[in-house]
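Shown next, in structure tokens, is the structure this report addresses.
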Amino acid sequence: MILFNDFLREHKSIGEEILQAISRVMQSGWFVLGKECEEFEREFSKYVGSKYAVGVNSGSDALYLAIKALGISQGDEVITVPHTMISTVDAITRNGAKPVFADIEPETCTMNPQEVEAKITSKTKAILPVHLYGHPVDMAPLMEIAQQHDLCIIEDACQAHGAEYKGKKAGGIGTIGCFSFYPTKNLGAYGDGGALVTNDEVMADKLRKMRNYGQAKRYYHDFVGINSRLDEIQAAVLRVKLRYLDGWNERRRKVAKLYYELVSSTSVIKPVEKEYAKHVFHLYVIRHSQRDRLQQCLSNQGIQTLIHYPVPVHVQKAYGCGGSLPVTEKICNEILSLPINPWISDSEVEKIAQCICENC
Ligand SMILES: *Cc1c(COP(=O)(O)O)cnc(C)c1O
């Protein structure tokens, strides 16, 4: 069996260090909003190259709070992509605003800046691009559009810890960047977690209150907030794992390179890395016209693959707003995510590639 993610291998590699970090929190007797979260916020903001980071309970909450903190609500529109995890879009809807979908570009499967301008109305307040699969969105044209129309940019960097756009870290480019630390992400906690990053001090302060019942001082509430905090145990785990992130991303890039070389003679469409990008391969997503057959062949060999994502958000039952987004609708029938993580071995990648070569 080759699993998509194999956390026991991670545990074998750094389990001892993680246990020490967890034990440190237990012995401190302090579990929510303490030193570990503060230190992690400092370390993570430095890593991303933003002035401030605010730890929250999940990537979903990070996105929700980003939109809320920007004052976006009923009657407003946010332009995003339909090819993403549904949570990106739910964050808009949960704030009472309306998601407006721009199609993606087929090479990177991320927001096509040329599709955005036509979607802008007098109600548009923000653009929400997603650095999907670990490849950054082409941000420069988006920043220009945002500037021209006085819009905010919220980056969904939940799959892009360490990815770079023209030398700048994904998440640290727009108004606010949102990260998830769900266990399977490139930087993952041992439970749920998330963070926002920003260079705006007033915004960071607002987000800190918002995640904690709108509380400025204990039992004094400036506005209605929520309970969404990165707890001390998760923060301590993330502090350990952050030190390994660059090395793990390098290993992912090596695995991607190996896949690329080994399947180069097949009819499979391989992921690209644009000249402006540093890809961190959260996912290694190939495309093939006979995707379902290929997935079955791999499964018969004990190789687990996934599809990110089989049904675009704009045709999900929950949204069902229809409309035609041809690139998204085409590629969702062709994409297939192969196992990629820091612990997969060269020989496992060779086995997977061989199975692809025999079937494509
Ligand atoms: C994982 C993910 C989220 C949501 O993060 P959670 O921590 O699971 O809430 C949002 N957007 C994208 C693109 C993601 O991959």
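The values are calculated or read from the model by the stated rules, or taken from the named source; none is laboratory data. Computed from a predicted model, the values in this text were never measured in an experiment. For neighbour counting, all protein chains shown are included, and Cβ atoms are generated from backbone atoms with ideal geometry for every residue, glycine included.
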Matching residues in segment 107-131 - criterion: being crowded, with 17+ Cβ neighbours inside 10 Å and under 20 Å from the mean Cα position of the chain (by Cα): 108, 109, 110, 111, 112, 113, 126, 127, 128, 129, 130, 131
Flagged pairs (Cβ under 9 angstrom, 6 or more apart or on separate chains; first in segment 180-201, touching a residue at least 40 places away in the same chain (Cβ under 8 Å) and assigned to a strand (DSSP E or B); second near the ligand (Cβ under 10 Å from one of its atoms) and among the hydroxyl-bearing types (Ser, Thr, Tyr)) are 180/58; 180/60; 180/87; 194/58; 194/60; 194/180; 194/182; 195/180
Qualifying position, being more than 19 Å from residue 213 (Cα to Cα), modelled with pLDDT of 95 or more and touching a strand residue (DSSP E or B) at 6+ places or on another chain (Cβ under 8 Å), among 9, 42, 24: 42
Here are the criteria: (1) among the polar types (S, T, N, Q); (2) within 25 Å of residue 185 (Cβ to Cβ); (3) surrounded by fewer than 16 Cβ atoms within 10 Å (Cβ to Cβ). Tell me which single one residue 296 does not satisfy. (2)
Residue ID - nearest to the chain's Cα centre (by Cα), chosen from residues in segment 284-314 that are in contact (Cβ under 8 Å) with a residue 12 or more places away in the chain and in a helix (DSSP H, G or I): 313
Quick one: in segment 214-233, which of the residues that are touching a strand residue (DSSP E or B) at 6+ places or on another chain (Cβ under 8 Å) and within 30 Å of residue 23 (Cβ to Cβ) is surrounded by the fewest Cβ atoms within 10 Å (Cβ to Cβ)? 227
Restrict the check to segment 106-113 and report whether at least one residue is within 11 Å of the ligand (Cβ to nearest atom) and free of Cβ contacts under 8 Å to residues at least 60 places away in the same chain. yes
Every pair of residues 6+ apart whose Cβ atoms lie under 8 Å, when the first sits in segment 5-17 and is in contact (Cβ under 8 Å) with a residue 40 or more places away in the chain and within 21 Å of residue 337 (Cα to Cα) while the second is β-branched (Val, Ile, Thr) and outside any helix (DSSP H, G or I): 5/184; 6/344
Sort out which residues of segment 191-210 are within 14 Å of the ligand (Cβ to nearest atom) and either closer than 16 Å to residue 47 by Cα or surrounded by 19 or more Cβ atoms within 10 Å (Cβ to Cβ) (or both), and write them in order of number. 192, 193, 194, 195, 196
For residues in segment 56-100 being charged (D, E, K, R) and buried (at least 21 other Cβ atoms within 10 Å of the Cβ), which is farthest from residue 181 (Cα to Cα)? 68
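Please find, within segment 39-60, the residue that is nearest to the ligand (Cβ to nearest atom) out of those that are in contact (Cβ under 8 Å) with a residue 40 or more places away in the chain and over 18 Å from the mean Cα position of the chain (by Cα).
The extreme case among them is 40.
Starting from residues that are among the small types (Gly, Ala, Ser) and within 24 Å of residue 283 (Cα to Cα), keep the ones in segment 236-257 and report whichever is surrounded by the fewest Cβ atoms within 10 Å (Cβ to Cβ). Before you say what the answer is, go through the steps one by one.
Going residue by residue through segment 236-257, those that are among the small types (Gly, Ala, Ser) are 236, 247, 256.
Still in the list and also within 24 Å of residue 283 (Cα to Cα): 247, 256.
Values: 247: 10, 256: 22.
In this case the residue turns out to be 247.
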Among the residues of segment 278-301, is there at least one that is over 30 Å from residue 351 (Cα atoms) and among the charged types (D, E, K, R)? no
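Scan segment 165-185 for residues that are closer than 16 Å to residue 234 by Cβ and more than 9 Å from the ligand (Cβ to nearest atom) and jot them down.
Of everything in segment 165-185, just one residue is closer than 16 Å to residue 234 by Cβ and more than 9 Å from the ligand (Cβ to nearest atom), namely 183.
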So is residue 238 modelled with pLDDT of 95 or more, assigned to a helix (DSSP H, G or I), out of contact with any Ser or Thr (no Cβ under 9 Å at 6 or more places or on another chain) and under 19 Å from residue 17 (Cβ atoms) or not? yes
